[in-house]
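Let me begin by presenting the structure, written as structure tokens, before commenting on it.
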Amino acid sequence: MATKVKIKITDDSDLRAEIDELVDSHNQVDLAKWAISCAKHVLQYSGIEFPANEIIAEGFQTNELWQTGNATVHQVRQAGFKIHAVARQCKTEVTKTAIRAAGQAVGVGHMKEHAMACSDYAIKTIQLAFPDNLDKINSERQWQLNELKRFLKK
């Protein structure tokens, strides 16, 4: 079943639907790996180097530990909440949105539905970083689709 877009974005609805269909039919661990990759891909627009931001790096690490059964869903949720707290402190919308993508990626360990939210926040980041540039938005969606297919082959 197609997920509803919960944030206002300009998008390629066909590519989003294709991604959504793949997301719906795959396991949570693969989706967590993909979502983290999507978030890392747009963090470059945040002005924050994620390895230098301990909270984001720890969130990704907590999710990766969850993927192998070495962290609990509660720990993943708490890590995601901490990342969203960082986002609330950001001054620019592009930074805030990129950080929210990271928070949603970590949250996939709680609910797989966060994978599409991460994907949408990544698109919103591109939209904010490159206003009125549909080519950049479509390119990011295509990258997400290709990346998802790559993770699902592993």
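The values are calculated or read from the model by the stated rules, or taken from the named source; none is laboratory data. Predicted model, so just to flag it, every value in this text is computed and none were measured. Cβ: placed from backbone, ideal geometry, glycine included. Neighbour counts: every protein chain shown. Accessible surface is based on the protein model in full, side chains and every heavy atom, while ligands, DNA and RNA are left aside. Shrake-Rupley method; radii C 1.70, N 1.55, O 1.52, S 1.80 Å.
Just give me the residues in region 20-46 being in contact with a Ser or Thr (Cβ under 6 Å, 6 or more places away or on another chain) and either in a loop (DSSP other than H, G, I, E, B) or within 13 Å of GLU113 (Cβ to Cβ) (or both), in sequence order.
ASP20, TYR45, SER46
State whether one or more residues within region 93-110 are more than 27 Å from LEU152 (Cα to Cα) and surrounded by fewer than 16 Cβ atoms within 10 Å (Cβ to Cβ).
Yes, the conditions are met somewhere in region 93-110.
Based on this model, can you work out whether ALA129 counts as modelled with pLDDT of 95 or more and either among the hydroxyl-bearing types (Ser, Thr, Tyr) or farther than 18 Å from TRP34 by Cα (or both)?
Taking the combined requirement at face value, the residue satisfies it.
What are the residue pairs meeting all of these: first residue in region 128-152, first residue free of Cβ contacts under 8 Å to residues at least 24 places away in the same chain, second residue open to solvent by 50 Å² or more (accessible area, probe 1.4 Å) and not in a helix (DSSP H, G or I), Cβ atoms under 6 Å, and 6 or more apart or on different chains?
That search, which allows pairs on different chains as well, returns LYS136/PHE130.
Quick one: would you say SER46 is within 22 Å of TRP143 (Cβ to Cβ), of a type in the set (S, T, N, Q) and open to solvent by less than 40 Å² (accessible area, probe 1.4 Å)?
Answer is yes for this residue.
Just to check your reading of the model, which residue among LYS40, LYS6, LYS91 is out of contact with any Asp or Glu (no Cβ under 9 Å at 6 or more places or on another chain) and at pLDDT below 95?
LYS91
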